[in-house]
Structure formats: structure tokens, C-alpha cells
1. Calculate, for residue 121 and residue 170, the FRET efficiency according to 1/(1 + (r/R0)^6) with r their C-beta to C-beta distance and R0 35 Å; round to the nearest 0.05.
2. Starting from the Kirkwood radius over alpha-carbon pairs of segment 149-237, derive D by Stokes-Einstein at 4 °C in a medium of 1.567 mPa s and give it in µm² s⁻¹.
3. Note down the Stokes-Einstein diffusion coefficient of segment 134-201 in µm²/s, whole number, using a Kirkwood radius over alpha carbon pairs, 10 °C, and 1.306 mPa s.
4. Rounded, prolate or oblate: which fits segment 103-170, taking a ≥ b ≥ c as square roots of the Cα gyration tensor eigenvalues, rounded meaning a/c under 1.5, else prolate when a/b beats b/c?
5. Provide the packing ranking of 52-59, 172-179, i.e. peptides ordered by the mean count of other C-beta atoms within 10 Å per residue, highest first.
6. If you wrap a convex hull around the alpha carbons of segment 39-188, what volume per residue comes out, as a whole number of Å³?
7. Going 7 Å from the Cα of residue 222 in the Cα-to-Cβ direction, what parts of segment 46-88 have a backbone nitrogen less than 20 Å from that spot?
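Here, each number is a calculation from the coordinates, and none is a lab measurement. Just so it is clear, the model here is predicted, and its values are computed rather than measured. All Cβ positions, glycine included, derive from the backbone under ideal geometry; neighbour counts span all protein chains shown.
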Amino acid sequence: MKRMIAMLMSVALAAALTVPTLAAEPFYANEDTSPYDDCQGNRSCPMWYFSDLAGNNWYHDGVHYCLDRMLIVGRTGPEDSTFDPNGSVTRDDLVRTLYRSAIEFGADVSAGQDTNILSYTDAFDIQQGSFEAFQWACASGLVGGETPVLEPNAELTRAELVMVMYNFVKWLQMDVSVGEETNSLSYDDAFDIPEGAFEAFQWACGAGVIHGVSQHELAPGSGTTRAQLATVLMRIDGLRPAQNIPEDGQRFDPLGAHFAGQWVNEDSSRCALQIIGNGVGPFKVTVRWSNSAFSFSQWEMTAVHEITENGDSRLAAQDCVRYDVTYQSETAFTYEAVEIGAMQFDYANVGGKETIRWPYELEVANECIFIRENNQVLHPVQSISEMGNGN
């Protein structure tokens, strides 16, 4: 089974490598608190596959974050894989990426399914794979409005980025009050902020979503690069509260959701596990294994909780399906579905270290040992078969 589907969309010092660099835009005020400090810069890092990215560049964290979640993908590949961190961002790029972000956040994006955007005179300029995203964005009030055009191919300014992100965060019902006391007038070019965008810039500066291109400049009229967009998306995610981590020795709890979270493979290969439970029915289990920048496999299944004779916790899954996915372009990919059958996941919590053993024969191992990623916000992974347009 094949289907074309819509596809959408870091903090360190630059080193002496022959790759493009950008003006530094740090993620945290204290760079020592980066969530990707443990990234080894090898195959376990999604940036490893791209010839124009450097793991020690300032944009590492944001690009790592977006590649991990398929929010932004490479410009070219797979023979010559490039990401183009300095590349400009269009309104089409932003809308498509925010649509994927909304899905990653578990938000309901069905509001735009019946929205007629053909009334816009340039609706046919929307890129392949972005039509549903524009339906959602128009219905949600993120783009569109009173004007008869959408300008999907227009390059995005920093002011436009901030305004759309501000409205996106409000649409997600996140707190935007943090910037109410922020003094944006301390920037030399504060009066260049467009009318109606000042409140959005107060929030963005107060929340640390943007830090300016320098100590004294916001550059609201300047263009937005792909690396900057990736970093802003990660910062917005960082505003979400972290999950609680279970106590030492605690097992899977069918009536709770403390186990719902993400795990990464112990041997640092590009394999990740996600388990989601609501305390009522079966658990949704997703495993994603990436073997290049332009292909991955995703196992999807439902599982029930069991206690073994030894008193251990495990999840028993039935009717597993594996989706083998290949990117065809920056905005679309194809997949084939393969029925797998039964699987199990063995859980342990020793010394505060949560692990899950998945006895399944991959190309690189007979089993995977996943380690819980502490304090990470859960992003529900959408089923491949449910995503976007297709044929």
C-alpha cells in the first residue's frame, strides 16, 4: 500500500567546520541547561545525515528537535542530503510546519476540514501537501483574514513569524501572560515593529522565544531562516510543563499514566519508543526506527498490561503493523504497510532507571533496550495511515 501524504518540518558554539553559520540565537539564557547536552553527534543525531549541518553549531538543538519529530525535513536527498539551515522560510513552510506541530502537541486539527480556501485568489499557489494545513490555519485564524490573498510563496519576516507563533500558542491555550511586563522598547529598532504586533513581541521576548539578532536589535523586518524557525519551535515546546517521573521500583499502572512517555534506544541507534495510556483501554504503542535522513520504519499497535509469574510488568501487543516510509520530497512521502503480528515489551525500574526491552530482530540487533527520557513532554505520534493527503 502506497500513499502520498503531506509532510512538514540548536544551541552550541560554532567551530571551525566548513558549513554555513548563522548569527547566534541561544535557546536558554544559561547554555549549560541545553536538553541535548548528551547528543553524541553520531548516527544517533538526526543531523548526522546532512552534509551542510554541524552538530556543534548554535542551531543544533532546534534542528535536532524538528528532525526528530518530522516537523522540518531536508531540502535534498537522499544521494546528496542537505538541510539548508540558512534557507528562507515561506508562509507555506510555516503553515505546513505549524500544522505538524499541532498534531505533535495532540491538538484537534479537524476544524478546517470543511473550510473553503478557494475564495483566495492565490489558493492554487499552495504547495503540494499543504492544502489541508492551510484549511486548518485559516479556520483557526492563524492566516487569511480580510485580505483576498494568502501569499503562500512569500518569504516570512521575523515580525510575521512572531505574530503567527503568538496566535498559535493562544490557539493551543497556553499561557501568554509572561510578556505583559516585558519592555521591548529597550531594543533600538522597537519602533520598526509593525502595528498590531507589539503585544506578540512582548510575549516572544518575555518567554524567551526570540532573543533578537543582537543585544540591541529585534530585526522585525528581516527574513526568517529554517534554522531560526526550528529553534523557535523548540522554545515554544519548552514552555510546556514536564511530566512526572515514577518512583524507583514502580511498575506500569493500568489505572494511571505515569508510564506514558518516550524512550530512546540504549545503543544510541535511531530508534525510539512511545507508549500512551489513558487508564481505561489498551495502550497505544509506537516504535520509530530511522535508518537515514529520508526513510524510516514505524511500528504501530495496541497493547494490554500484564503481570508475569515473576511479578514483572510487560505490555502484550497484537495486530502490529509496520510502515516503511520514504520521503519523495520536502513535503511528501510514500509508505508501504506490512502486518507483523504479536509483540511484547518488558518493563523494569531499577535504581530510578526505567527501561523497556523489546525482543524484536532489527537490522542492527535482536532486541532493543529503551531508556526513559526524563522530564520530556509527551508528543503523541500520529498514525502514518491517518496523516495528510494521499492517493
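1. Details: r = 28 Å, r/R0 = 0.80.
It comes to 0.80.
2. Numbers: Rh = 13.2 Å.
Using the Kirkwood radius from Cα pairs, D works out to 98 µm²/s.
3. Values: Rh = 13.5 Å.
Translational D for this selection: 118 µm²/s.
4. Oblate.
5. On the way: 52-59: 22.1, 172-179: 14.1.
In descending order of packing, they fall as 52-59, 172-179.
6. Details: hull volume 24.0 nm³, N = 150.
It comes to 160 Å³ per residue, whole-number rounded.
7. 54, 57-63, 84-88, by backbone N distance to the label point.
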